[in-house]
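Structure record follows, encoded as structure tokens.
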Amino acid sequence: MSDTFFSGAPHWAWLIILYFFVGGIAGGGSLLAAIVDWFGAPEDRPVARTGYNVAAVGAIISGALLTIDLGRPLRFWHMLFQSANFPTLMFKGWSPISFGAWGIFLFGLFSVLTALGGMAEEGRLHNPALRAVGGAVRGTLAKVVGGVAGLLGLFIAGYTGVLLSVTNRPIWADGPWLGALFLASGVSTGAATLILLAPGRGATEQSLARLSAFDTKALVVELLVLVLFVASLGAVNRVWLSFWGLVLLVGVGFGILAPLRMHAQRRSLAGAARLVLLGGFLLRLATIFASEGIERYRVAAGM
Amino acid sequence: MAEAMGFFTDTTVCIGCKACEVACKEWNQLPAENGGVRELSGDSYDNTRKLDGIHWRHVRFIEQFKGPYDGRWLMMSDVCKHCVQAGCLEVCPTGAIVRTQFDTVVIQSDVCNGCRACIAACPFGVIDINPVSGTAQKCTLCYDRLQVGLEPACSKACPTDSIQFGAIAELRTRAEKRVAQLKSQGVAAELYGADPGGPLGGLNSFYLLVDKPEVYGLPRHPELPTTNLAKSGGLSVASAAVLGLLAIVGLRKRRMDEQSRGGGGNV
Amino acid sequence: MGSNMAECHPVAFRWPMKAKLNGAKLVHVDPRFTRTSAVADLHVPIRAGSDIAFLGGLINYVINSKRWNTDPFFKEFAVNYTNAATIISDDFKDTEELEGVFSGLVKFSEPAFWPYNGLEGRYDNATWQYKRGPRPAPARVEITRTTAAAGAITKDLIAKRAGPPFDDLVRSLKLGPAEKDPTLQNPHCVFQILKRHFARYTPEMVEQVCGSPKEKFIKVAEMLLESSGRDRSSAFAYAVAWTQHIGRPGAGVMALRGHAAIQGSTDVPTLYHSIHGYMNAPSALRPHETLRDYMAAETTPTSYYGNTPKFLVSYLKSMYGAAATTENDFGYDWHPKILGDHSHIASFAAMADGKVKGMCCVGQNPATSLNGGATRQALRQLDWLVVKDNWLTETATHWYLGPEVKKGEVKIEDIKTEIFFFPSTQIAEYDGSFTNTQRMLQWHSYAAKAPGDCRTDSWFYHNLAKRLKKAYAGSKLSRDQGWNNVSWDFDPDAGEEPLYPGEISARKVLREINGYQTADPKQHLKGFAELKDDGSTTCASWIYCGCYPAWDQNLTARREPDPPGVPGAHLKWGWAWPANRRVMYNRASADLKGNPWSERKRWIWWDPTFVNPPDPKTGKPVPKGKWVGYDVPDFGATKAPDAQPKPDGIGLDALSGTQPFIMRADGRGWLFVPAGLVDGPLPTHYEPHESPIQNPLYKQQTSPVHKVWAPGKPYNKLAVVGDPKFPYVISTYRLTEHYLAGAMSRWLPWLAELQPELFIELGKGLAQEKGIKNLDWLVVSSPRGHIRAKALVTDRIGVMQIAGKRIHHVGMPWHWGWMGLSTGDVVNDLTAWVGDPNVSIHEGKAFVCNVEKA
């Protein structure tokens, strides 16, 4: 029996699941946007801009979800500054939730700046202050800021899994692969989101095809990591003999295998992307609730 | 720092009276669940079931019977372990959880913002949200009482001295004597958490048990949550590198011949 | 045994646990495996209602054991410190000869003026008396008397209204010396009677009657023998008065009282049948016509109770103050006399017949009490009812929320009772004293003022008394003169601020209880040795005399423990009656010569070299030697172990230096009880009134003198022996988490959440037979009614083999009612108005029921 079964559930539920999902998309989107921005062709520019926008909106939603989820939302800033010694910074490099808070904060800052830059470039900013900020982020600066946002996006997509691992909870702390898994899922769902949204910003067929081709690889990586994750859980896998195990199975089937098959058959890009999003959501739903739902001690006694 | 203080709980003289639970609630002004109107749990005489934000002490009842009247009924008053290496303190992102001069671990309710990372970090399931304050709460080892030289409310109320409060070093000596006495009487007694070289650097609330720790709802090898950090982080970085490379390779600007083939989707 | 000390007395249970840490063995004999069993070294299951069979088995086993018959300690103790060697009247017949009853059984007819004694038979104990020889006589006293009937000299003294002093009257009551056989061989000696009486209580019989496995029973007996002897002792919680160990440290029979201060409530009693300090209440059924008649009937001349006239006169002075004079026999004629059994159930049986007009329920919740349906029916017959409590209890709300009203069987408009509710203070909101189970008084001060109109119980009765005084002041009726002459002065003195408007002075009450020189109330009595029978001393309760030895010296408020490591009696912590003694009869902790039985078990001992100061009263020199030790000696402090009784002495002068039991007429512990118990001189197993089996020991099924109140009434139906409709044995009991009828716990969220609902504990075997799962709703029924409860299926209770039958045992805690945060049906709706004849205690711990799925 794993010692994790004696710990208590932190009541991380729908808001946190949504955050993990949205954060993953934002992070993945930001990463892909930056890569396209840095290494892509000029005609891929709409993809980059879409990615930065997804990152900015996602970061804002993420921050809001995290804050609402707190027991005392008005004290959200206690994670960034020492409440008794403001403005001394509050930072623990070994605590995912601490460096994660900083990560989300910086990610939000950089992705919003980048997005503003993009919008200024398109002339879509009417507020003078925003236009001033957006106008400043251009050229090389825009590329650097976008690059940082991309790297932070990679971090945001992955640290949530590490956060779960650095606990004493069943499933989460029983294997080391959750960070990698969430990262892969974040990137695949990020790509899927761009596939769905970029056409609205004028992305080309070619851009979308490349994104889709990449998403296939990301899904393969995700599947591989998922297998490693499940294998690492060992006896704890008994937990999956539950509703949440079914959810995970559905998530894998519809969210990974089905899109891979559709990509192989060159069927609807958008349809596959929607399934990838569904799969990414179900993956988080299953991993969070399977652990949350364990009635501690009683299950332990039965194991 | 003053001397390390803590609890030694001798489960062999616990009579399950729950005076510790009530004394704790009274001193710390913790509410009853649903105002006290509740349903019978059906789990022996345990109707509060677990430690959480409004139950900082909990008496566990374990019925071990082979048939009518044939067995034993174990009882144990459980509480925060005040680990020498405390997982909750480690992960707390607000600095609300601190170590005191008594080597105890205390959550400052005015700093905590209810992120609940400590709940998942604790290997013993000690911490939970107090719905009144919206913050994570647990036993403070009566920090306010200790500061004015009083012993904690629970040990003060314990009629049989199953819960003993004192300097850890002295408690350990006392506990070892009691184990030796029980062993001489043929009782399989062992200490849990008394070893400073053991898990988490020893527990400043340790126990004398007569069965396996799991029977009492205690993990055999409690660990710090951060033991998982390097491995999980490393694998994340590795997968990030793989995916990043794949993305750069897949999304980079193509030479003209590749572009004319109409996309790179079949790599 | 028969006690769930860990759950019902968790604070006192500290000491058994300390003893356990010192290596003591703990045995628990109980129908349930309780929290006490959990920490015991051995738990032995026993069917409820069969304790005497188990204890009788232990007696039989021990006195026939090799150890008892070879270790001289046992016989030395028994012959000298108990009445084992005493010869009983030739006319005595034991249960062995009369198929389960003792000699002297006569029919009892209920008197028409109070037909609530619940009896069909009673014992005349004339044949149970000691066989006595002629007394070498001082001239003034009658030569021989062999029965309790007053002799001619006594009658003459009463007729002449002799005394005070009443010494001659007391002396005239002396009996001839009891015959003894120190070899314990005489077939009529107590030891031989005892041996024959318990011979049939074999381990096999114990197994048949109690359902306790024979091996476990023998193990208990062997453990008991192991922990007995010169340097060992054992204690019984709630067992019968049988042990070799009374008066020694770490030993004795523990009277675990049910409430925090219930000891105090019997010392200065709220009991109907006794007046302060365990004197019997004057009774219309006994020869108590005049003061001297009472003294003649109630005084034991050859024990400390030889001082009864002093206790009584000082008590009457406290009752009637200056109005109590020598001429009017200190107001004795004003004192109320009881008419019969006025105990709880008897009073409610009378109430159900409309014989009781009004009732003050102060801190009591009878609506959930014994035979709840009958009790509530009785309450509905009242003209008025006062409820004074912390919350609106079931008793205050039975008229609109009781189960009968809810079911529509009773209409609210048909209830004519006028009900008054008075909000009450909590214990920490007033000053006063507790008397705990160790007879120790501890003063407490209020911690907080009560909210609103909450008032103390003493406030209620004090102000009621003052109003009644005023109301009857003008009455010339002779029946009112007693009340008009009652002295009632408890208002705080000038300068003393009352805690609440109209509140009494609690210190003043304790001063009155302690007593003082009548001529100068500021001169307090320092102990009961100062009491006089001429009215010159005033003392409400002689046993408390000395707790307040000076106007400003309240010993009950002391809080000075002995230093650690000393086997101390903590004599400076509070104050214990009598005379601050912590172990009663502690003379028995030393051997005949006054040396400790063993160094390990020393408590008090005779120091022959102690130089005594001259007698303070007479100035005469006192010979060397004194009882010394950790405790206050429960003996004449300078009475040498070789002291002989004075031929015409009364009180302690009639006892020798080796008779430790100074409250007994023969100074010895009674293994055979010639007087005082009304159901026989020796414990005998009878079946409970409602039992699944025939009595395996005797033809006599139940005690021939047990009580059934309201027999034959529709609200007190009883099951027949082996009733197939009610096949299970049930015990009701208490939990640590709740207190009695729940008024102090079911309203308190912190306690309510610990035990939130009523449940019934039943074995896995019964659950399987009936298809019952844990937490299923069940209907539990008895001939009196049926209730619902959730099932708690456990192996802590279960099936037993009783007299060849497989009998399931179930149990229910009885704390619940319909009010409060933690609610449940009233378990006492199942219990009956059946009880024991000595103290009228109900049989709610052993009766029968049925259990079905709801």
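Within the range B:113-141, work out how many residues are over 11 Å from the mean Cα position of the chain (by Cα) and at the interface with chain A (Cβ under 7 Å from one of its Cβ atoms).
Step one: of the range B:113-141, the residues over 11 Å from the mean Cα position of the chain (by Cα) are B:113-117, B:129-137, B:140-141.
If we keep only those that are at the interface with chain A (Cβ under 7 Å from one of its Cβ atoms) too, we end up with B:113-117, B:129, B:134-135.
So the answer is 8.
Do any strands (runs of 3 or more DSSP E) entirely within the range C:1-115 hold 1 or more residues that are surrounded by fewer than 18 Cβ atoms within 10 Å (Cβ to Cβ) and not acidic (D, E), and if so, which? Talk me through it step by step, then tell me what you get.
Numbers: elements: C:27-29, C:42-44, C:105-107.
Hits in the range C:1-115: C:42-44, C:105-107.
Of the residues that sit in the range B:31-45 and are among the acidic types (D, E) and facing chain C (nearest Cβ under 7 Å), which one is nearest to B:K81 (Cα to Cα)?
Ranking the qualifying residues of the range B:31-45, first place goes to B:E33.
Is there a residue being closer than 22 Å to C:Q364 by Cα and outside any loop (DSSP other than H, G, I, E, B) anywhere in the range C:755-763? Outline the logic, then answer.
To start, the set of residues in the range C:755-763 that are closer than 22 Å to C:Q364 by Cα comprises C:755-758.
Next, from what is left, pick out any that are outside any loop (DSSP other than H, G, I, E, B): C:757.
There is at least one residue in the range C:755-763 that is closer than 22 Å to C:Q364 by Cα and outside any loop (DSSP other than H, G, I, E, B).
Look at C:I787 and say whether it is in a strand (DSSP E or B), crowded, with 18+ Cβ neighbours inside 10 Å and either among the acidic types (D, E) or within 14 Å of chain B (Cβ to nearest Cβ) (or both).
Numbers: in a strand (DSSP E or B): yes; crowded, with 18+ Cβ neighbours inside 10 Å: yes; either among the acidic types (D, E) or within 14 Å of chain B (Cβ to nearest Cβ) (or both): no.
For C:I787, the condition - in a strand (DSSP E or B), crowded, with 18+ Cβ neighbours inside 10 Å and either among the acidic types (D, E) or within 14 Å of chain B (Cβ to nearest Cβ) (or both) - is not met.
Just for the range C:739-756: of the residues that are more than 31 Å from the chain's Cα centre (by Cα) and surrounded by fewer than 22 Cβ atoms within 10 Å (Cβ to Cβ), which one is nearest to the other protein chains (Cβ to nearest Cβ)?
Once the filter is applied, the top-ranked residue is C:P749.
I'm trying to understand the selection: among the residues of the range C:497-516, which are of a type in the set (G, A, S) and assigned to a loop (DSSP other than H, G, I, E, B)? Steps first, answer last, please.
Restricting attention to the range C:497-516, the residues satisfying the condition of being of a type in the set (G, A, S) are C:502, C:505-506, C:515.
Selection gives C:G502, C:S505, C:G515.
Results for (1) at pLDDT 95 or above; (2) touching a strand residue (DSSP E or B) at 6+ places or on another chain (Cβ under 9 Å), shown as yes or no for each residue.
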position: C:Q517; (1), (2): yes, yes
position: C:Q523; (1), (2): yes, yes
position: C:L531; (1), (2): yes, yes
position: C:A540; (1), (2): yes, no
position: C:W551; (1), (2): yes, yes
position: C:L555; (1), (2): yes, yes
position: C:R558; (1), (2): yes, yes
position: C:G565; (1), (2): no, no
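Pick from A:L80, A:L151, A:L125, A:L130: which is within 14 Å of another protein chain (Cβ to nearest Cβ), of a type in the set (A, V, I, L, M, F, W, C) and over 18 Å from A:S30 (Cα atoms)? Step through it out loud before you land on a result.
Numbers: A:L151 fails: over 18 Å from A:S30 (Cα atoms); A:L125 fails: within 14 Å of another protein chain (Cβ to nearest Cβ); A:L130 fails: within 14 Å of another protein chain (Cβ to nearest Cβ).
Step by step, each of A:L80, A:L151, A:L125, A:L130 is checked, and only A:L80 is within 14 Å of another protein chain (Cβ to nearest Cβ), of a type in the set (A, V, I, L, M, F, W, C) and over 18 Å from A:S30 (Cα atoms).
Could you figure out which of (1) closer than 25 Å to B:N34 by Cβ; (2) free of Cβ contacts under 8 Å to residues at least 60 places away in the same chain isn't true of B:K138?
(2) is the only condition that B:K138 fails.
Of all residues being under 27 Å from the mean Cα position of the chain (by Cα) and either more than 7 Å from chain B (Cβ to nearest Cβ) or surrounded by fewer than 23 Cβ atoms within 10 Å (Cβ to Cβ) (or both) in the range C:723-738, which is nearest to C:Q801 (Cα to Cα)? Just the residue, please. Can you show your working first?
Here is the first cut: in the range C:723-738, the residues under 27 Å from the mean Cα position of the chain (by Cα) are C:729-738.
Restricting the remaining residues to those that are either more than 7 Å from chain B (Cβ to nearest Cβ) or surrounded by fewer than 23 Cβ atoms within 10 Å (Cβ to Cβ) (or both) gives C:729-735, C:738.
Values: C:V729: 12, C:I730: 15, C:S731: 17, C:T732: 21, C:Y733: 22, C:R734: 26, C:L735: 27, C:H738: 32 Å.
In this case the residue turns out to be C:V729.
May I ask you to verify whether A:V162 is β-branched (V, I, T), in contact (Cβ under 8 Å) with a residue 60 or more places away in the chain and either facing chain B (nearest Cβ under 8 Å) or farther than 27 Å from B:A241 by Cα (or both)? Don't jump to the end; show me each part of the working.
On the way: β-branched (V, I, T): yes; in contact (Cβ under 8 Å) with a residue 60 or more places away in the chain: yes; either facing chain B (nearest Cβ under 8 Å) or farther than 27 Å from B:A241 by Cα (or both): yes.
Yes; evaluated as a whole, the condition is true for this residue.
Go through the range B:56-111 and tell me which strands (runs of 3 or more DSSP E), entirely inside it, have 2 or more residues that are surrounded by fewer than 24 Cβ atoms within 10 Å (Cβ to Cβ), within 14 Å of chain C (Cβ to nearest Cβ) and in contact (Cβ under 8 Å) with a residue 24 or more places away in the chain.
Working: elements: B:57-67, B:70-79, B:97-99, B:105-107.
So the answer is B:57-67, B:70-79.
Which number in (1) within 18 Å of the chain's Cα centre (by Cα); (2) away from every other protein chain (no Cβ under 11 Å) marks the one condition that B:P213 misses?
(2)
What single numbered condition from (1) in a strand (DSSP E or B); (2) under 23 Å from the mean Cα position of the chain (by Cα) fails to hold for C:P521?
All conditions are met except number (2).
Listed here are the residues, each with its yes/no results for (1) at pLDDT 95 or above; (2) outside the structural domain of B:A86 (by TED's automatic domain parsing).
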residue: B:V179; (1), (2): yes, no
residue: B:Y192; (1), (2): yes, no
residue: B:G234; (1), (2): yes, yes
residue: B:R254; (1), (2): no, yes
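Which of (1) more than 7 Å from chain A (Cβ to nearest Cβ); (2) within 27 Å of A:V36 (Cβ to Cβ) is the odd one out, the single condition B:A230 does not satisfy?
(2)
Return the pairs, sorted by first residue and then second, in which the second residue is modelled with pLDDT of 90 or more and among the β-branched types (V, I, T), the first residue lies in the range C:565-586 and is within 9 Å of C:D631 (Cα to Cα), the beta carbons are less than 7 Å apart, and the residues are 6+ apart or on different chains.
Filtered contacts from the range C:565-586: C:L571/C:V632; C:N580/C:V632; C:R581/C:V632; C:N586/C:I604.
Can you tell me which residues in the range B:34-55 are charged (D, E, K, R) and either surrounded by fewer than 18 Cβ atoms within 10 Å (Cβ to Cβ) or in contact (Cβ under 8 Å) with a residue 60 or more places away in the chain (or both)?
Step one: of the range B:34-55, the residues charged (D, E, K, R) are B:38-39, B:43, B:46, B:49-50, B:52.
Scanning the range B:34-55 gives B:E39, B:D43, B:R49, B:K50, B:D52.
Out of C:L792, C:L778, report the one residue that is facing chain B (nearest Cβ under 8 Å) and assigned to a strand (DSSP E or B).
Selected residue: C:L792, the only one of C:L792, C:L778 that is facing chain B (nearest Cβ under 8 Å) and assigned to a strand (DSSP E or B).
Being surrounded by fewer than 16 Cβ atoms within 10 Å (Cβ to Cβ), touching a residue at least 60 places away in the same chain (Cβ under 8 Å) and within 23 Å of the chain's Cα centre (by Cα) is the filter here; which residues of the range A:219-265 pass it?
none
Output the residues belonging to the range A:188-207 that are crowded, with 24+ Cβ neighbours inside 10 Å and either within 11 Å of another protein chain (Cβ to nearest Cβ) or not small (G, A, S) (or both).
Across the range A:188-207, the qualifying residues are A:S188, A:T189, A:G190, A:A191, A:T193, A:L194, A:I195, A:S207.
Report, by residue number, each residue of the range C:116-129 that is in a helix (DSSP H, G or I) and either out of contact with any Pro (no Cβ under 7 Å at 6 or more places or on another chain) or under 16 Å from C:G835 (Cα atoms) (or both). Walk me through how you get there before you give the answer.
We begin by selecting, within the range C:116-129, every residue in a helix (DSSP H, G or I); these are C:125-128.
Passing the criteria: C:A126, C:T127.
Which residue pairs have Cβ atoms closer than 7 Å, lie 6 or more positions apart in sequence or on different chains, and pair a first residue in the range A:173-187 that is within 7 Å of chain B (Cβ to nearest Cβ) and without any contact (Cβ under 8 Å) to a residue 24 or more places away in the chain with a second residue that is surrounded by 24 or more Cβ atoms within 10 Å (Cβ to Cβ) and among the β-branched types (V, I, T)?
Here the result reads A:G179/A:V162, each pair linking the range A:173-187 to a residue that is surrounded by 24 or more Cβ atoms within 10 Å (Cβ to Cβ) and among the β-branched types (V, I, T).
With the checklist (1) more than 7 Å from every other protein chain (Cβ to nearest Cβ); (2) closer than 23 Å to C:R746 by Cβ; (3) in contact with a helix residue (DSSP H, G or I) (Cβ under 8 Å, 6 or more places away or on another chain) in hand, flag the one item B:T48 doesn't pass.
Every listed condition holds for B:T48 apart from (1).
Only one of C:N80, C:N60, C:N69 is out of contact with any His (no Cβ under 6 Å at 6 or more places or on another chain), modelled with pLDDT of 95 or more, more than 27 Å from B:R178 (Cβ to Cβ) and more than 14 Å from chain B (Cβ to nearest Cβ); which? Even if it seems obvious, please write down each step before you answer.
Details: C:N80 fails: modelled with pLDDT of 95 or more; C:N69 fails: modelled with pLDDT of 95 or more.
Just one listed residue meets the conditions, C:N60.
The values are calculated or read from the model by the stated rules, or taken from the named source; none is laboratory data. Bear in mind that the values here come from a model prediction, so they are computed numbers and not experimental data. Quick reminder, even Gly has a Cβ in these numbers, built from the backbone with ideal geometry, and neighbours come from all protein chains shown.
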